[in-house]
1. Where both partners of a DSSP beta bridge lie in the stretch 1-154, what percent of those bridges are antiparallel, to the nearest 5?
2. What relative contact order, as a whole-number percentage, does the stretch 83-180 give when Cα pairs under 8 Å and 6 or more residues apart are counted?
3. Remind me, relative contact order of the chain in percent, using alpha carbon pairs under 8 angstrom and six or more residues apart?
4. Could you calculate the FRET efficiency of Val148 with Phe40 from 1/(1 + (r/R0)^6), where r is the beta carbon distance between them and R0 is 25 Å, rounded to 0.05?
5. Rounding to the nearest 20 debye, state how big the charge dipole of the stretch 1-110 is about its Cα centre with +1 on each Lys and Arg Cβ and -1 on each Asp and Glu Cβ.
6. Under 19 Å between alpha carbons, and skipping anything fewer than 8 positions from Lys111 in its own chain: which lysines qualify?
7. What is the spread of the Cα atoms of the stretch 69-143 along each of their three principal axes, largest first, in whole Å?
8. Taking only Cα atoms of the stretch 125-180, what ratio of Rg to Rh do you get with Rh as the Kirkwood inverse-distance radius?
Amino acid sequence: MAKKVLILSSSPRRGGNSDTLCDEFLRGAADAGNDTEKIFLRDKNIGYCTGCGTCSLYGKPCPQQDDAAEIVGKMVAADVIVMATPVYFYTMSAQMKTLIDRCCGRYTELKNKEFRFIVTAAEDDRRKMLRTVDTFQGFLDCLDGPTVGGVVYGTGVWHAGEIAGKPAMREAYEAGKGIR
């Protein structure tokens, strides 16, 4: 049975290294017969959480009129959520963190989801990227029944296009193709 796969690309550069890996993951997941969608967060209007409490205290929708509610709704509907980020100063991009913070009102609905992560960095040492994966895990620690299906590490890449020819390209495709 096909799964709904939602890919959240938080690269500020269309065609950046993490965004390119998202495309490869999407291609693999689609080739495996899954229902796929990629959202390029930079193209969306997502405001910062203001801490107003409307969602958490009163159970009402966020009063901000932006794209976050639609994206979070797609996360709730997905079976597999792929969160991709370039690593800046050993953590995720601001675009991804802003979206995670906006999940506050509906995070209890993100139950039993499979998560995959894609991280890219100029560093060659994967161990230095574990802080970023740990930050994603902090989000998952707040959810009911999440599983982590894997991480694709794009190492030693800084400028757009440097991911071409790297093993991470094949790993991203195979990770997507492995979703069944």
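Just so it is clear, none of the values below were taken in a lab; they were calculated from the coordinates. Please read all numbers here as calculations on a predicted model, not as lab measurements. Please note: Cβ atoms are built from the backbone with ideal geometry, for glycine as well, and neighbour counts cover all protein chains shown.
1. Working: 1 of 26 bridges.
If I count the DSSP bridges inside the stretch 1-154, around 5 percent turn out antiparallel.
2. Details: 119 pairs, mean separation 29.7, N = 98.
After rounding, I find 30 percent.
3. On the way: 353 pairs, mean separation 58.5, N = 180.
Relative contact order here is 33 percent.
4. Details: r = 23 Å, r/R0 = 0.92.
The value I calculate is 0.60.
5. Numbers: 13 positive and 13 negative charges, 43 e Å.
Using only the charged Cβ atoms, the result is roughly 200 debye.
6. Lys3, Lys4, Lys74
7. If we take the Cα atoms of the stretch 69-143, the spans are 36, 21, 17 Å.
8. Working: Rg = 13.4 Å, Rh = 13.1 Å.
Ratio value, two decimals: 1.02.
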